[in-house]
Amino acid sequence: MRYKNFLSLLEQYRWEKVSAKIANVKPDTLDKLLKKENFSVGDLPILLSQTASARLPELEKKASRITTQYFGKARFLYAPLYITNRCINRCVYCGFNKNNKIERKRLSSKEISKDADYLYNQGFRHILIVSGEDPIVMKSDYLIDTIALLHKKFPSISIEVQPLTENLYRKAVAAGCDGLSLYQETYNKKVYKIVHIGGPKRDFRWRIEGPERAAKAGIKKINFGVLLGLADFRTDIFFAALHAAFIRKRFWKTQIGFSFPRIRPFVGSYQPTVEVKDRDLLQIILALRLVFPQAFLVLSTRERAGFRDKLLQIAATNTSAGSKTNPGGYSDDSTTGQFDISDNRTPAEVVRAIRAAGLYPVWKDWDIGLAG
Amino acid sequence: MRYKNFLSLLEQYRWEKVSAKIANVKPDTLDKLLKKENFSVGDLPILLSQTASARLPELEKKASRITTQYFGKARFLYAPLYITNRCINRCVYCGFNKNNKIERKRLSSKEISKDADYLYNQGFRHILIVSGEDPIVMKSDYLIDTIALLHKKFPSISIEVQPLTENLYRKAVAAGCDGLSLYQETYNKKVYKIVHIGGPKRDFRWRIEGPERAAKAGIKKINFGVLLGLADFRTDIFFAALHAAFIRKRFWKTQIGFSFPRIRPFVGSYQPTVEVKDRDLLQIILALRLVFPQAFLVLSTRERAGFRDKLLQIAATNTSAGSKTNPGGYSDDSTTGQFDISDNRTPAEVVRAIRAAGLYPVWKDWDIGLAG
Amino acid sequence: MLQIAGRKFSSRLIVGTGKFSSNSVMKEAINASGSEIVTVALRRVDLDNTQEDIIEAIDFSRIQILPNTSGAQNASEAIKIANIGRNMGLGNWVKLEVTPDPWYLLPDPIDTLKATEKLAKDGFAVLVYMNADPVLAKRLEDAGAEAVMPLASPIGSARGMKTKEMIRIIIENSNLPVVVDAGLGSPSDAGYAMEMGADAVLVNTAIATSDNPVKMAKAFKLAVEAGRTGYEAGIIASKEHAYASSPEKGII
Amino acid sequence: MLQIAGRKFSSRLIVGTGKFSSNSVMKEAINASGSEIVTVALRRVDLDNTQEDIIEAIDFSRIQILPNTSGAQNASEAIKIANIGRNMGLGNWVKLEVTPDPWYLLPDPIDTLKATEKLAKDGFAVLVYMNADPVLAKRLEDAGAEAVMPLASPIGSARGMKTKEMIRIIIENSNLPVVVDAGLGSPSDAGYAMEMGADAVLVNTAIATSDNPVKMAKAFKLAVEAGRTGYEAGIIASKEHAYASSPEKGII
């Protein structure tokens, strides 16, 4: 069956039915599945089930073997660079929520260079540009110029900003952007409307179609994810995986990956409606590794040091280190971050931990010749 | 090792040593070889040996299986069309020898059309243009025009004329020629000089380099062979095979094949110095089939009807039928042929015999779109 | 049901015509195979010599004819032959074969892509014979092919699914029907291809050169049906088998 | 002796560097492997960050470095990266990898040929990673490649010689050195490739991700030597094996 876009595929599914399917997995269904060698998205409801959560050691063994097979001992480092915390959205879970009384800042190119120099000297060669939904991104070449500026020093530039037009994605690629992180937050439309109270982000469709526009425009790597804690995470991850699989099938040159943001304390009052425990996050990561052996699985410093180290050993492949989530934070710590950091180690400390785990920390895994 | 041309490869070999190798094959060497699945030119001394001639039924079984595998039940028909018996060579074994007192004739385009129409109506779609070494071939567009004329009706045109220049081969291809038959007669240089008393054909080198020029010029199918009866046939066939294998390795788009002319009675006095019996010819064909599973193995009407039918069933793939070896012979039987025909059946009779053997006679195996 | 270029077929077995002992045997074998798509080498077609012609032996009312360009060594020859076939009135389907090496008759990826682009643009429904190359399969899809036909092993070799590792990936990634072509020596080879999730198979030599082509055609028909049915039922995993897991295809 | 682009090597084992746990383990493993050719992903090379750099761990006096273009998705990216490598002073050898599908990292035949033509013209010694496609091997030879490197199975899959049927034909037909690359999971896989008549093998994952990479490097060294020696001695035929017969290569 060919669906003309992901939304029309998504419409074939009822959230409740998927949830029920996941909830009702029988142990022998899982037994049979675990004898297989290759897994597909169709297997994910089983792998994500509570039934499977009793079998994590087995999943871990398989996932670990697959990760080593495809990535060897290499683990990849990146750093987020927040360029603006101005935001016209009102998302209940976010520190940058327009209604939050925080100091707003948009970095000048000089300020960006200052943070960038700091990160370069730490060893970073892969930068993730992050911003709030600042209208300047859509209205001027601010983002594109920033990409071009950073691309002079950094071979690999990804962006985590509001969904762009295809044309803007195309300009980003031309300026040297190779990666996009664009999380749907939740694939549950009802919850989506509840948590996105105001601003352009309320438009579920514009956001969900972002990856298709980006892939068409030639963005090489697209990271999917949901904000863990908004809705039933097992069901939500299934849909994120379906989204990724759809993109992969339609845009065969596009690399896919996943991030796993858990809601962290921030300035504001929102409390997660669903608890996602460490073992749940572990299960998510293991399940995705089995279904997507070659996907990048990306960790942020939202998670604790020890837990991050463990996930990197088993299945995660990319990690940030020493992150600041406030614009200009690397040079000047006066503004407030988007969320609290759980792993406060310096990049050098993170690298030491990676080495201690028998892994090889890779700063540079991209070449200037591969972009633009 | 890379040899710059076949001649320099040939010079690595001593005729006597190859003959001795063939003569001294031990039964257990053959036993070991026959266990293999694929054979190469290096195996040919063993397969062509007198030792192997005691094992023809085994070879036959293997060869027959291979032929069926690659060609199925299809067998291909062609007809020679002699356009001139004028010749400036003095080859002791040939009816067209310049010294022979026979009526000489070079067909006009009108006469060619007459023979061609006859052959077309018989069902032929593949014509082999044959001529003596008539200087007109090198000095004018007579040959090229003939090819173009015939190509209007016949999808596949091959030539069996004196060795041409690369440029002339190129013109032939452009006019619609897809195949070349150019036999070295013998790879034994001493014998070569003895039997080619006078004329340009005395030039061993010009002739042996013909296939390389033709392949460079884009002739798609090249037929190799020796005149059986001139020298030790086992050794001679080894070299013909080496020649074919060399061409195949250097010109990977060129199809190769073999013909097996045995010296037949003709106007003149030459008697073969070496006897090649039916069982010898059978062994040659079987050995070549094992080494070259996909090669065309071509029979002429020099051989007897019953023997031809048998060879077609086992390993030969192409056959002429109802041939005349005198220019204009299809329309007018007044001139003398190059050699005597042993199989005097009409094409229709040959086709009936092919069908009776459970084989499929194919008149057309080429498309006008494949040439020129 | 198998769907190619907008046409639907209940049989998933395509048969070739090049190697039979006679037209009557071929006709009977095609009937026994239940095939609804039959491929014919254009270089063998001779409308001037109908008594011998393969085309005459095929029932056009029931069968989709799939002329092929076998013998073409490059894109331009293949394009020429395809057009000759269409001008003869054989329709706009073509099985593209570009095989510069006359030895193993293996396809040329570069000229195959080039010819696919041109023929698709010119309105042909192009079914493409190809090496088992997953990247080429995607590029052919982008170029407008209607089906990809990766080889199991060299034509006529009867060596079976020697390229299964790559065919598994092609099946997993393709948005087009995947027809496994060439080298399927026995019914179980065909069954295996179908169990892996191939949409169809093409068989020529193994039927045509069998001691009993009609019976063998029937055997392939059954094996293809068995393989497809097994695939749909869901085959139990085995280390030895390169099956893709639960058919993602059905989902996306 | 193995001869590539005019240089002679006594080892027929090429090793990759991408997946080791540390530079020191890598260094020891390379020594144990006896390899004289080592491939390095240019996208990992960072001369600005020498303490972490792979290049620093390689003894240039003994080892021919073979920079590779892994990550390139098309010809123009590969050409750009190759030139960046040469401008860095890494020499004119390049292992061309053009892999548009980030999933299986399988090579693109069309852009691989295009990049080979250009790089060969620009004076590179191009060793070409490719699918096990015999026709492509000949076209790369015509385009000026110095070696062809057909894959045994997808990178990192450790599935062994899954493409042996095609590799046999490549070895039979090639006038260039044939280096079997990717997917050799165990020493016996490498030995098998050598017995078939491959000129060399490239191993990365199987050594780098072993529990004991140094010992595994040694094991591959021995297996490659065993395989080559056996090939030269002449292996007894077996139906199961796709060996070419008496090496025609030696003759022509």
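Per-structure values
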{"read-out": "Test item: C:41-48 mean partner chain Cβ contacts at 10 Å", "value": "5"}
{"read-out": "Within region D:2-233: Cβ-based charge dipole about Cα centre, in debye rounded to nearest 20 (Lys, Arg +1; Asp, Glu -1)", "value": "240 debye"}
{"read-out": "Residue-count net charge about C:Ser10 - beta-carbon cut-off 15 Å; Lys, Arg +1, Asp, Glu -1", "value": "+2"}
{"read-out": "Residue-wise HN-Hα coupling along region B:210-220, computed from phi with Karplus coefficients 6.51, -1.76, 1.60 (Hz; x: Gly, Pro)", "value": "x, x, 5, 4, 5, 5, 4, 6, x, 5, 8"}
{"read-out": "Cα gyration tensor shape of region A:32-121, rounded if a/c is under 1.5, else prolate or oblate by comparing a/b with b/c", "value": "oblate"}
{"read-out": "Distant-in-sequence amide H partners of B:Phe224 (H built 1.01 Å from N, under 5 Å)", "value": "B:Gly257, B:Phe258, B:Ser259"}
{"read-out": "Dipole-positive endmost among A:Pro211, A:Gly306, A:Gln271 within region A:175-326 (Cβ charges, Cα centre)", "value": "A:Pro211"}
{"read-out": "Trypsin sites (Lys or Arg not before Pro), loop per DSSP, at most 13 other Cβ atoms within 10 Å - longest free stretch of chain D", "value": "D:63-238"}
{"read-out": "Kirkwood hydrodynamic radius (C-alpha pairs) into Stokes-Einstein, the protein assembly as shown, 20 °C and 1.002 mPa s, D in µm²/s", "value": "64 µm²/s"}
{"read-out": "The protein assembly as shown - charge dipole about Cα centre, Lys and Arg +1 at Cβ, Asp and Glu -1, debye rounded to 20", "value": "60 debye"}
{"read-out": "Global geometry of region A:302-372, whether rounded, prolate or oblate, following the gyration tensor of its Cα atoms and the 1.5 cut on a/c", "value": "oblate"}
{"read-out": "Region C:73-147 shape via C-alpha gyration tensor axes, a/c threshold 1.5", "value": "oblate"}
{"read-out": "Loop-located chymotrypsin sites (Phe, Trp or Tyr not before Pro) in region C:9-105 whose Cβ has at most 16 other Cβ within 10 Å (DSSP)", "value": "C:Phe60"}
{"read-out": "Choice from D:Ser24, D:Ser188, D:Ser70 showing the highest fluctuation, given a GNM over chain D with Cα pairs closer than 10 Å", "value": "D:Ser24"}
{"read-out": "Cα centroid separation - region A:1-71 against region B:144-184, whole Å", "value": "65 Å"}
{"read-out": "Cα centroid of region D:199-222 to Cα centroid of region A:223-250, whole Å", "value": "38 Å"}
{"read-out": "Estimated D of region B:6-366 in µm² per second, where Rh is the Kirkwood radius over Cα pairs and Stokes-Einstein applies at 37 °C, 0.692 mPa s", "value": "160 µm²/s"}
{"read-out": "Qualifying trypsin sites (Lys or Arg not before Pro) for region B:101-177 [loop in DSSP, other Cβ within 10 Å: at most 12]", "value": "B:Lys101, B:Lys152"}
{"read-out": "Distance histogram for region D:101-216 (every C-alpha pair counted, 5 angstrom bins, percent rounded to whole numbers)", "value": "2, 13, 23, 22, 19, 13, 6, 2, 0"}
{"read-out": "Net dipole in debye of region A:1-128 [+1 Lys, Arg Cβ; -1 Asp, Glu Cβ; about Cα centre; nearest 20]", "value": "320 debye"}
{"read-out": "Percent of beta bridges antiparallel (DSSP, region C:2-233, rounded to nearest 5)", "value": "10 percent"}
{"read-out": "Distance in nm between pseudo-label sites at C:Asp142 and C:Asn87 (7 Å out along the Cβ direction from Cα)", "value": "3.3 nm"}
{"read-out": "Share antiparallel - DSSP beta bridges, region B:6-366, percent rounded to 5", "value": "10 percent"}
{"read-out": "R0 of 51 Å, Cβ-Cβ distance B:Asp340-B:Lys35: FRET efficiency to nearest 0.05", "value": "0.75"}
{"read-out": "Whole-angstrom Cα spans of region D:2-233 along principal axes, big to small", "value": "44, 41, 35"}
{"read-out": "Listed residues B:Ile144, B:Ser181, B:Ser108: farthest to the positive end of the dipole of region B:104-189 (Cβ charges)", "value": "B:Ser108"}
{"read-out": "Unit charges at the beta carbon, dipole of chain A: most positive-side option, A:Ile129, A:Tyr78, A:Asn38", "value": "A:Asn38"}
{"read-out": "Taking only Cα atoms of region B:210-291, radius of gyration then Dmax in Å", "value": "14.1, 42"}
{"read-out": "Of B:Pro57, B:Pro347, B:Pro80, the one that fluctuates the most in a GNM where chain B has Cα springs shorter than 10 Å", "value": "B:Pro57"}
{"read-out": "Most mobile listed residue (A:Tyr13, A:Tyr118, A:Tyr93) in chain A, GNM with C-alpha springs under 10 Å", "value": "A:Tyr13"}
{"read-out": "No Cys partner within the rule (Cβ under 4.7 Å), chain A", "value": "A:Cys87, A:Cys177"}
{"read-out": "Loop-located GluC sites (Glu not before Pro) in region A:89-142 whose Cβ has at most 13 other Cβ within 10 Å (DSSP)", "value": "A:Glu103"}
{"read-out": "Proportion of all alpha-carbon pairs of region A:118-210 beyond 19 Å (%)", "value": "44 percent"}
{"read-out": "Region B:349-356 - phi-based ³J(HN,Hα) in whole Hz, Karplus 6.51/-1.76/1.60, Gly and Pro as x", "value": "5, 4, 4, 4, 5, 4, 4, 4"}
{"read-out": "For region B:118-167: span of alpha carbons on each principal axis (Å, largest first)", "value": "32, 18, 17"}
{"read-out": "Relative contact order for chain D, counting Cα pairs under 8 Å that sit 6 or more residues apart, in percent", "value": "19 percent"}
{"read-out": "Computed over region A:228-372, Cα set: Rg, Dmax in Å", "value": "16.5, 46"}
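FYI, it's all coordinate maths here, none of it is from the lab. This structure is a prediction, so every number in the text was calculated from the model and none was measured. Note that each Cβ is placed from the backbone with ideal geometry, even for glycine, and that neighbours are counted across all protein chains shown.
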